[in-house]
1. How do the helices (runs of 4 or more DSSP H) wholly within segment A:324-404 filter down when requiring 1 or more residues that are within 16 Å of ligand 2 (Cβ to nearest atom), within 10 Å of chain B (Cβ to nearest Cβ) and surrounded by 24 or more Cβ atoms within 10 Å (Cβ to Cβ): which remain?
2. So how many residues does segment B:168-181 have that are over 18 Å from A:LEU374 (Cα atoms) and crowded, with 24+ Cβ neighbours inside 10 Å?
3. In the set B:PHE12, B:PHE95, which member is modelled with pLDDT under 95, surrounded by fewer than 20 Cβ atoms within 10 Å (Cβ to Cβ), under 27 Å from the mean Cα position of the chain (by Cα) and in a helix (DSSP H, G or I)?
4. Tell me which residues, restricted to segment A:289-317, are of a type in the set (Phe, Trp, Tyr) and in contact (Cβ under 8 Å) with a residue 12 or more places away in the chain.
5. Identify all residues within segment A:16-51 that are part of a loop (DSSP other than H, G, I, E, B) and either touching a strand residue (DSSP E or B) at 6+ places or on another chain (Cβ under 7 Å) or not hydroxyl-bearing (Ser, Thr, Tyr) (or both); write none if there are none.
6. Can you find a residue in segment A:440-463 that is of a type in the set (A, V, I, L, M, F, W, C), more than 9 Å from chain B (Cβ to nearest Cβ), within 16 Å of ligand 1 (Cβ to nearest atom) and open to solvent by 20 Å² or more (accessible area, probe 1.4 Å)?
7. Which numbered condition trips up A:GLN246, out of (1) part of a helix (DSSP H, G or I); (2) away from ligand 2 (no atom under 16 Å from the Cβ); (3) buried (at least 21 other Cβ atoms within 10 Å of the Cβ)?
8. Output the number of the condition that B:ARG63 fails; it satisfies all remaining conditions of (1) under 30 Å from A:LEU340 (Cβ atoms); (2) more than 10 Å from chain A (Cβ to nearest Cβ).
Amino acid sequence: MEEFTIQPPRTNYLNAEYGIKSWLLTKDHKRIGILYMGAISFFFLIGSLYAMAIRLELLTPQGDLTQSSTYNKMFTQHGIIMVFFFLIPSIPATLGNFLVPMMIGAKDLAFPRINLLSWYIYMLGGIITIYALLAGGVDTGWTFYTPYSTTFSNSYVLATGLGIFINGFSSILTGLNFIVTIHTMRAPGMTWYRLPLFIWSHYATSLIMILGTPVIAITVLLLAFERLAKIGIFDPALGGDPVLFQHLFWFYSHPAVYIMVLPGMGVVSELIANFSRKNIFGYKFVAFSSLAIAVFGFLVWGHHLFVASQSVYAGMIFSFLSFAVAIPSAIKVFNWTATLYKASISYDTPMLYALGFIGLFTIGGMTGLFLAALATDVHLSDTYFVIAHFHYIMVGGTLLAYLGGLHYWWPKVSGRMYPEGWGRFSALVVFIGFNLTFSPQFVLGYMGMPRRYHTYPVEEVSWQVLHVLSTAGASILGIGLLIPLIYLAWSLRYGRLAEANPWQLPGLEWQTASPPPTENFIETPIVREEAYEFAPPETKEVVGKFEREKPFPFYG
Amino acid sequence: MLMLLLQSWIPFIPESASTLSDDVDAVYFYISGVTVFFVTLISLVIIFFVIRYRRRNPFEIPRPVEGSTKLETLWSVIPLVISMTIFVWGAKVYFAQYRPPQHAMEVYVVGKQWMWKFQHTTGQREINELHVPVGRKVKLIMTTEDVIHDLFFPAFRNKMDVVPGKYTVQWFEATKPGRYHFFCAEYCGMNHSGMRGYIEVMEPAAFDNWLSGNANAASPAAVGHSLYESLGCASCHGANAEGGRGPTLLGVFGSNRVLNNGTAKADEGYVRESIINPQAKVVTGFGPIMPSFQGQVTEEQLLSLVAYIKSLSTTQPETTTAKPPATGTPQSANPVRSSSPTSPNR
Ligand code: HEM
Ligand SMILES: [Cu+2]
């Protein structure tokens, strides 16, 4: 494998310019990625504080820590901040921004100014939302169901809605930028089937961002019209239909859950391949399963409405489609596992996160089957089972992938190594804390504990036991997340200097200095190999007794 | 039988007390089995690979392995087939859960921030408590005065949203006497978690006793009849609902109505709409002259009117009692004649 060694005294994107202004007016995708990283970390912190307060309240069945109205605002604001201001932008806007151009051998995204604009839009949406929280907060649940949100709630629904509405445009612009960049700016020789899977998953994510986000924007707008002008769209007292809102909301928000997890799947594909020094098993299946998820994810929104007075037959169709759309996720899990076969697996921190992701995502996905099956969903919907299900996917999945990716690319981003021992230790703490937090909630859900409950019956002793376990787990998880915060900050100054390619990998982003120069590559790279090519293709082995697959069309 | 065994072995399963709750548990155990199997399988394979193929020296490069279309097909088809079995089984039970049965005892339910109001067809009202007999199908006809709520009976593995502006239905047949929780499961504002109560499942004799002990209220049908008079319905539909400028209401409920634009089955929702939004469905031969009563009647009064109009039909469902009626015997065809002055609104 060829080695690039770039001598230290040189300029890179971090020291090319100094001063606040050079950051706030930057058009460098890498710096914008870092701006986003700072912003989402801030929102994640706020969201986590709400989570801790919720968990503390639930330690006892009585409402002894907060009033109901405060509690309702806490879970609403937790959801809104985590979903719209952390999970949706998390991987695409930080790692995606940083790496999409680098992985395809481009100097920047197609529209650098629009990229910067997207960050300002995000910040504007975020500031308006924070204003709404400080002014008095919002208590509708992150789902904003009508007519509660339009007619009954007297909290800051409009301001929060405005924040989310504005924030949506940053998503749309990021998606647009990625799609155009991936289509037009690939380095010579970087054919579609040589793209790293991280790029495929970001391509799929971007499709959802530009097709889905306008729908939530319009939905929020309609909600605002009804709240302000009393035009009857959702409120039956004004001649509207409250369930229509749920259809519109989930038409976006189901695909949006894939905005949250697809980039994580992309990160994990990178980690699995690179830390086992193997090409991904079934590359094309993994790539196309991302597209399949993006497209068919738009057809299953009705599984959120099984008990919402949707017709029995609509329920059956949506249930059927939900099972079908689970298959591409299963395909990914099997291919990641198969990639480990006869590999050379290292136990570095990013790989620990990737392995954790596979396990937790599998549990999250399989528990989706309980909710996609009509009979059990009738019992489980709107209970803690649903909470556990989606936290397994969004925390166990997306957050773990984000942390894994952050460690993996940290040398490239910061030019420093993180302390490996602490990394592994905190990965373990996160994994244990996470499972202790959320696995009791599956049981709680089946026992019948509804979600969004400030108090619960004292007689249900087992409920309290499960809640105590969950709160204990959340404390461990919180510590597990604080540790990386500390050592990553520490490493910025004291960490070992990173080489250009500390992991010895073939990916394009590793073929330039760490941190990279502003233009990423001094010379435009020319791609001659498939992604994850560690050994020459002649040595390729055929699995079992199955026949050899035909080479890819663009191969050679 | 197997269910019973499983339930006594597996902790953390809520009380199972309806004819369908065991079926739901069965589906739950089936999916749990599938989940445990696959999660264990994948975890073990990963752990095995991670140990067996750990990096033994920093320079080793494993031989690349090519993908295999056969394997891909295999691990797409197997999960698809398994998930289709779950789908079919789940859909089958759901169909039973949500298809309202014939000859059920009816109870009217109105959700309101933050309480549940119930009324039996014999007139008894309850708040945050519901008494039902064991071994009898009970059909809840539900709506809400304000926001969306959801009436959730964990012991029956059943829930259904109540949605403003329409009626939704939920039914169950309790199998075990006892006192079980119900909850509001759709977030509805400040005191959402306080919107809960108990369903008291009683032996038939005890239930009949309870009914007669509480028999001081007028039945919804009777209340509906006096509303029929006081709201002026009689001026068009006739003093005895025999018709006039408007169609007769005798025998309407449960029949198929021929409209100016199509046909419609006259169920509870149809009757409600005809009162709130009369222009939506106009019976052939009549003009769109009926005024809307939106805002003039509460949801509970509407339910009473529905009950009254039901009582004008021979196909009306039975009234509240612990014993299921002999099938095929139509109930009294006489419209309820009562001029009880009881206010329908407490
Ligand atoms: C893999 C197969 C999956 C299936 C079959 C599935 C199925 C479902 C179903 C049916 C519900 C509705 C439950 C209810 O409200 O009663 C649900 C809720 C949810 N799922 Fe999944 N899911 C899957 C994967 C995912 C993924 C990948 C994500 C996220 C990236 C996700 C995130 C969510 C969220 C956020 C909710 C709840 C939203 C809310 O009510 O607040 N699910 N899932
Ligand atoms: Cu409620």
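The values are calculated or read from the model by the stated rules, or taken from the named source; none is laboratory data. Not measured: the values here are computed from a predicted model. Glycine gets a Cβ as well: all are built from the backbone with ideal geometry, and neighbour counts include every protein chain shown. Surface accessibility is based on the protein's heavy atoms, side chains included, excluding ligands, DNA and RNA. Shrake-Rupley method; radii C 1.70, N 1.55, O 1.52, S 1.80 Å.
1. Ranges flagged: none.
2. Looking only at that region, the number is 1.
3. None of the others qualify; the one that does is B:PHE95.
4. Once the filter is applied, which keeps residues that are of a type in the set (Phe, Trp, Tyr) and in contact (Cβ under 8 Å) with a residue 12 or more places away in the chain, segment A:289-317 yields A:PHE296, A:PHE298, A:TRP301, A:PHE306.
5. A:ALA16, A:GLU17, A:GLY19, A:LEU25, A:LYS27, A:ASP28
6. Yes - at least one qualifying residue is present in segment A:440-463.
7. Checking A:GLN246 against (1) part of a helix (DSSP H, G or I); (2) away from ligand 2 (no atom under 16 Å from the Cβ); (3) buried (at least 21 other Cβ atoms within 10 Å of the Cβ), the one that fails is (2).
8. (2) is the only condition that B:ARG63 fails.
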